[in-house]
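The values are calculated or read from the model by the stated rules, or taken from the named source; none is laboratory data. Note that the coordinates shown come from a computational prediction; the quantities given were computed from them, not determined experimentally. Using ideal geometry, Cβ is built from the backbone for each residue, glycine included, and neighbour counts are taken over all protein chains shown. In case anyone asks, the SASA skips ligands and DNA or RNA and just uses the protein heavy atoms, side chains included. Shrake-Rupley method; radii C 1.70, N 1.55, O 1.52, S 1.80 Å.
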Amino acid sequence: MKIFRQLVIIFGVLLMGHMLENIIGLPIPGTIIGMVVLLICLIIGVIKVDMIEDVSKFLLENITFFFIPAAVGIISSSEHIKQQWLPILMVTILSTIIVIGVTGFIVQALERLQKGDGGND
Amino acid sequence: MTKYIDTPIFGVLISILAFEIGVFINKKTKISFFNPLLISVTIIISFLLIFNIDYKTYNKGGSIISFLLGPATVVLVVPLYKQIENLKKNSLPILVGIFVGVLTAIISIYYLSKLFGLDEIIVLSLIPKSVTAAISMEVSREIGGVPSLTMAVTVITGIVGNIVGPYIYKIFKIENEIAQGIGLGNGAHALGTARAMELGEVQGAMGSLSISVAGLMTVFLAPWLVSLFN
């Protein structure tokens with residue numbers, strides 16, 4: 001029963017996200033709006049963490065697994081990829097490294113500035 | 001045999017088995033390139049090709065698994081909420097960092113694509129690839145890319161970030177927990193965040209935050225930047 005109750009809350013939030021998606025009319029997917037809805041509900045206390053804790057834990061621990069079918073889908077959408085797969089892969093790898101490196105570096109530098117423990121290194 | 005393959009059970013079963021094998025190999029070898037997702041996807045694709053099973057058949061079960069991505073993305077907010085005080089205290093570095101990250105992603109993808117001589121339509125499909133698949137596909141459609149190609153490169157981006165993230169941090173001496181989380185979330189969406197969660201609670205929360213904030217920023221910035229490029 002506990003698991004069912006938690007599922008009802010999580011799917012309820014997701015449904016609200018999809019409903020708001022239609023109302024807002026911007027290309028913002030319902031899942032992202034659902035994230036915002038859940039965060040607001042947690043902050044104002046309508047939903048408490050322990051009301052969704054077990055199912056959340058299961059979903060978060062296995063989020064990588066849920067990507068498998070999407071990744072396998074690469075074989076069916078390969079017309080564009082087949083012709084230029086190597087440059088596409090290179091751009092993907094290089095840009096990912098750049099984004100993670102630059103973002104991490106900037107946040108760390110700003111954190112040091114904010115804390116004031118020497119922004120000169 | 002086909003009648004058993006042609007049920008949702010096949011897709012679900014092979015995915016779980018392949019993932020178990022992936023996790024096993026990853027744990028035994030402790031080599032991060034042997035990523036569970038990468039291994040399981042390789043196993044499944046090989047199986048489908050060898051036995052001549054098309055993706056649609058596999059996806060009868062696969063779509064059941066994909067369905068759980070929605071709720072899993074929503075509950076990414078839970079670790080974020082647990083770190084909300086930390087977030088408030090560091091809101092400026094975090095927001096500026098995510099903003100710079102989003103700009104870096106779009107600009108670097110654009111110029112790297114030009115450097116490698118990719119077609120315009122492929123460039124447009126790659127531009128939103130750093131953010132979570134639901135958003136990247138929407139943005140791709142919006143700016144004139146091919147959503148299915150965007151989906152594919154979004155997942156590849158996630159796998160790459162998941163594997164290389166910790167190495168980048170070691171090389172560039174990025175030790176700050178918040179910075180590590182924001183970097184992984186910005187660069188590799190939910191799959192980066194999955195890795196961030198392994199690094200620590202703060203990293204995981206910051207990764208989750210990046211997914212939604214970077215996603216939203218991309219919705220607004222990508223069409224504008226693309227119009228600037230042209």
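The residue that is least open to solvent (accessible area, probe 1.4 Å), counting only those in region A:44-56 that are within 7 Å of chain B (Cβ to nearest Cβ) and either of a type in the set (V, I, T) or over 30 Å from B:I43 (Cα atoms) (or both), is A:I52.
Restricting region A:57-115 to residues that are more than 7 Å from chain B (Cβ to nearest Cβ) and among the acidic types (D, E), the residue that is farthest from B:G187 (Cα to Cα) is A:E79. Comparison of B:L118, B:L149 shows that the only residue that is closer than 16 Å to A:S95 by Cα and modelled with pLDDT under 95 is B:L118.
Let me confirm something: among A:L60, A:L89, A:L94, which residue is more than 30 Å from B:Y110 (Cβ to Cβ), without any contact (Cβ under 8 Å) to a residue 12 or more places away in the chain and either open to solvent by 60 Å² or more (accessible area, probe 1.4 Å) or not polar (S, T, N, Q) (or both)? Walk me through how you get there before you give the answer.
Working: A:L89 fails: more than 30 Å from B:Y110 (Cβ to Cβ); A:L94 fails: more than 30 Å from B:Y110 (Cβ to Cβ).
Of the residues listed, the single one that is more than 30 Å from B:Y110 (Cβ to Cβ), without any contact (Cβ under 8 Å) to a residue 12 or more places away in the chain and either open to solvent by 60 Å² or more (accessible area, probe 1.4 Å) or not polar (S, T, N, Q) (or both) is A:L60.
Return the only residue of B:A179, B:A188, B:A196 being out of contact with any Lys or Arg (no Cβ under 7 Å at 6 or more places or on another chain) and within 20 Å of B:V219 (Cβ to Cβ). Before you say what the answer is, go through the steps one by one.
On the way: B:A179 fails: within 20 Å of B:V219 (Cβ to Cβ); B:A196 fails: within 20 Å of B:V219 (Cβ to Cβ).
Of B:A179, B:A188, B:A196, the one residue that is out of contact with any Lys or Arg (no Cβ under 7 Å at 6 or more places or on another chain) and within 20 Å of B:V219 (Cβ to Cβ) is B:A188.
Filtered by the rule that a residue be within 8 Å of another protein chain (Cβ to nearest Cβ) and not in a helix (DSSP H, G or I), region B:144-182 gives B:V146, B:F172, B:I174, B:E175, B:N176.
Condition (residue is under 18 Å from B:K129 (Cα atoms), assigned to a helix (DSSP H, G or I) and of a type in the set (G, A, S)) applied to region A:38-61: is it met by at least one residue?
Quick first cut of region A:38-61, residues under 18 Å from B:K129 (Cα atoms) only: none.
Checked region A:38-61: no residue is under 18 Å from B:K129 (Cα atoms), assigned to a helix (DSSP H, G or I) and of a type in the set (G, A, S).
If you go through region B:133-143 and keep only what is more than 9 Å from chain A (Cβ to nearest Cβ) and either open to solvent by 30 Å² or more (accessible area, probe 1.4 Å) or more than 19 Å from the chain's Cα centre (by Cα) (or both), you end up with just B:I143.
Can you work out which of the residues in region B:54-105 that are open to solvent by less than 20 Å² (accessible area, probe 1.4 Å) and within 23 Å of B:T2 (Cα to Cα) is nearest to the other protein chains (Cβ to nearest Cβ)? Reasoning before the result, please.
Our first condition is that a residue be open to solvent by less than 20 Å² (accessible area, probe 1.4 Å); within region B:54-105, this holds for B:58, B:61-62, B:65, B:70-78, B:80, B:90, B:93-94, B:97-98, B:101-102, B:105.
Right, trim to within 23 Å of B:T2 (Cα to Cα) and you get B:58, B:61-62, B:65.
Numbers: B:Y58: 6, B:G61: 8, B:G62: 3, B:I65: 5 Å.
If we take residues in region B:54-105 being open to solvent by less than 20 Å² (accessible area, probe 1.4 Å) and within 23 Å of B:T2 (Cα to Cα), then B:G62 is nearest to the other protein chains (Cβ to nearest Cβ).
Taking region B:106-132 as the range and being open to solvent by 10 Å² or more (accessible area, probe 1.4 Å) and either of a type in the set (D, E, K, R) or part of a helix (DSSP H, G or I) (or both) as the test, the residues that pass are B:I107, B:S108, B:Y110, B:Y111, B:L112, B:K114, B:L115, B:D119, B:E120, B:I121, B:L124. Residues of region A:11-57 being over 23 Å from B:K82 (Cα atoms) and out of contact with any Gly (no Cβ under 9 Å at 6 or more places or on another chain), which ones? Correct list: A:I23, A:I24, A:G25, A:L26, A:P27. Among the residues of region B:195-222, the one identified as touching a residue at least 24 places away in the same chain (Cβ under 8 Å) and surrounded by fewer than 17 Cβ atoms within 10 Å (Cβ to Cβ) is B:E201.
Note on region B:144-166: residues that are open to solvent by 10 Å² or more (accessible area, probe 1.4 Å), more than 24 Å from B:P36 (Cβ to Cβ) and of a type in the set (A, V, I, L, M) amount to 1.
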